Structure formats: C-alpha cells, structure tokens
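The values are calculated or read from the model by the stated rules, or taken from the named source; none is laboratory data. Keep in mind that this is a model prediction, so the values were computed, not measured. Note: ideal-geometry Cβ built from the backbone for every residue, glycine included; neighbour counts use all protein chains shown. Just the protein is used for accessible areas: all its heavy atoms, side chains included, with ligands, DNA and RNA removed. Shrake-Rupley method; radii C 1.70, N 1.55, O 1.52, S 1.80 Å.
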Amino acid sequence: MTTGFFSHDDCMKHNMGAEHPECPERLAAITSYLADTGLGQDLDWVRPDEATRDQLQAVHPERYLNQLDLMQPTRGRVYTDPDTAMMPDTLRAARLAAGASIEAVDMVLSSQLTNAFVCARPPGHHAERSKSMGFCFYNNIALAAMRALNFHQLERVAIIDFDVHQGNGTVDIVGGDERILMCSSFQHPFYPHSHVHRQAENIINTPIQAGTPADEYRKIVEAAWLKRLQDFRPQLVLVSAGFDGHRLDPMAELNLEVEDYRWLTEMITSVASDHANDRIVSTLEGGYHLRALAESVNAHLEVLNAIH
C-alpha cells in the first residue's frame, strides 16, 4: 500500500484576489516541490469527486448549504466575512476539498491506502456548523470524522490540529462528541479569538504564546497530547495540517521549522501505529509562505510515506 495524495486542478480556480494569502499558488507550490524532490513519484495520486449533498449534511444543516448556494455569484466576488470571498468556482472547489477528505477516509479504511494527504483548497477548520469564516466554507476534517464514525462505524477517532489558528469550526461541530478526541495547538491570543476556553472534555486546547521557541512548543504539545491520545486509543487519526506556524509565515508569530513538522508527524504516526493500524488522513489547512509551505508538506509526506 502507499500514501494517497488527493488533489484536483479545479481547487485552484477558487481565487479570492491577487493580494489574498489563501491563493491558488499554494497548491502549485506544493506539487511543484514534490516533483523537484521526486517524492511525488512515490505517492498514489487520486483525483477526488465532489462531496454529495447528503455527505455535507452530516455536518452542515440544509439551511446553511442553501444559504451558500444562494450567495455564490455568477461573476465577481461576494464576501461571506471580511476575509472570505466566494466567486463562481468557489463552491465546486469547496465540494472537491470536502469530497477528497471523505474519499480519503473511505480508501484508508478499506485498506486501499495506508494513509492519505488531501492537498486541496479552500481549507475547512474555521467553518462552523452554520457559519463560513476564515477562508473556509465546509469543514473538511469534521466531514471526514463523521464519515469514519457514521458510515464506517468506528468507535473512536482522533483529530489533531496543528494550524497556527485554532480550528474553531471543528470545536463547534465535534465538541462534546465523546467518540472524538480533538487535540489543537494554536497561537494565543490570536484569530479567531473564540472557543479557546471551550470546556468540552473531548477538546484539548493547547494555546501557544507568540514567539515561543520551537523546542518549547514541542515540550508543551507532547505533554498536553501524547498520554491523552494513547489513553483514547483512536482507530483512525485525522489531521488538520496547517503549516502557518513556520517562522517565515507572514500570518503569525510562531517559530516552527520544517523539522518541527517532521517531529509532529512522527508523533502522530506513533499513535496511529500503536492503535489505528497506521491509518491517518491528513488534510491541508493553512500555510502562506509558499516555500516554507512546500518544504513542510514534503517533510510531512516523507514521514507518512515511510510507513509501508
């Protein structure tokens, strides 16, 4: 078996403007770098289908889905919040990103792939049950979790979110669901300034101060997460993989390097090895310095691809 790499060219048609950090060039930078390193040749490339309406309704109510449909313009851009714009190609891209996460779960749980990385956009972890925000429309990682739990009937799924911004949307959706353990590290105080003090027992919030050294970040995260994950014994590990904690990223003030993302991935794979038969589905969230993003994703994939 191999590592699946889920991507679709139409995810690059969603374009929120020339100066917007969540840009189509993010995907191009990743795929180009994978070609340069040769790692791309070792991956099983999968062209996903769009998520269906029924699949989206596992997380988002029909009223919200209808609202997005009505807002999508036939030309130009419409803003759902000050940072998040829709254009004619947006919802197809978002359905492809959501569908990729669902299809990745299906293929990993049916043993067609060892693990998978979803290289798609728009991202998802800021999308709440009935609210788009933070560049996100559908919550891809929550959809993946519900697919694993409700369709494949797993009993325990872990979500690990190491994006520099807290995945408020995922917390909004999965908070209180004891089938899910969510571990989330993020710069604090920082966007989105919500859900930090959510007291649901299945949410492990790990706030990190701006400027924290990378070695200190590692100590904080390992102490907060590792025992809880081992005790939880997840049957599948899902990852909201945001690489915007890199020291070069223009959107934040953490000091992570490529090797820190390698370390994070190794910690995740150790948990998956112990309890989940190595089953991991990782989906791209943030990361806005193109070179740092590409190098960090490459390291992430090197670790995933070594498990065969």
Which of the residues that make up the stretch 206-251 are more than 21 Å from Arg291 (Cα to Cα) and in contact with a Gly (Cβ under 9 Å, 6 or more places away or on another chain)?
Ile208, Tyr217
Enumeration of residues in the stretch 152-190 that are of a type in the set (S, T, N, Q) and open to solvent by less than 10 Å² (accessible area, probe 1.4 Å):
Gln166, Asn168, Thr170, Ser184, Ser185, Gln187
Filtering the stretch 269-295 down to residues that are of a type in the set (Val, Ile, Thr) and either open to solvent by 10 Å² or more (accessible area, probe 1.4 Å) or under 14 Å from the mean Cα position of the chain (by Cα) (or both), which residue is nearest to Val118 (Cα to Cα)?
Thr283
When restricted to Thr31, Thr37, the only residue under 30 Å from Arg291 (Cβ atoms), more than 22 Å from the chain's Cα centre (by Cα) and surrounded by 14 or more Cβ atoms within 10 Å (Cβ to Cβ) is Thr37
Could you go through the stretch 296-308 and let me know if any residue there is in a loop (DSSP other than H, G, I, E, B), under 15 Å from Thr3 (Cβ atoms), in contact (Cβ under 8 Å) with a residue 60 or more places away in the chain and among the hydrophobic types (A, V, I, L, M, F, W, C).
yes
Which residue is surrounded by the fewest Cβ atoms within 10 Å (Cβ to Cβ), if the candidates are limited to the stretch 113-131 and must be part of a strand (DSSP E or B) and hydrophobic (A, V, I, L, M, F, W, C)?
Phe117
Odd one out for Leu109, checked against (1) within 22 Å of the chain's Cα centre (by Cα); (2) over 30 Å from Ile307 (Cα atoms); (3) of a type in the set (A, V, I, L, M):
(2)
Do you know which residues across the stretch 224-244 are open to solvent by less than 10 Å² (accessible area, probe 1.4 Å) and over 30 Å from Glu22 (Cβ atoms)?
none
Hey, among Gly40, Gly99, Gly76, which residue is in contact with a Phe, Trp or Tyr (Cβ under 8 Å, 6 or more places away or on another chain) and not charged (D, E, K, R)?
Gly40
Residue ID - nearest to the chain's Cα centre (by Cα), chosen from residues in the stretch 191-221 that are assigned to a helix (DSSP H, G or I) and surrounded by 14 or more Cβ atoms within 10 Å (Cβ to Cβ)
Val221
Considering every residue within the stretch 13-28, establish whether at least one is in contact with a His (Cβ under 8 Å, 6 or more places away or on another chain) and modelled with pLDDT of 95 or more.
yes
Residue list for the stretch 40-81, filter: closer than 30 Å to Glu295 by Cα, open to solvent by 90 Å² or more (accessible area, probe 1.4 Å) and not in a helix (DSSP H, G or I)
Trp45, Arg47, Asp49
For the list (1) over 21 Å from Gln209 (Cβ atoms); (2) part of a loop (DSSP other than H, G, I, E, B); (3) of a type in the set (S, T, N, Q), I need the number of the one condition that Thr170 fails.
(2)
Does Phe243 fit the bill of being of a type in the set (Phe, Trp, Tyr), farther than 16 Å from Thr114 by Cβ and over 18 Å from the mean Cα position of the chain (by Cα)?
no
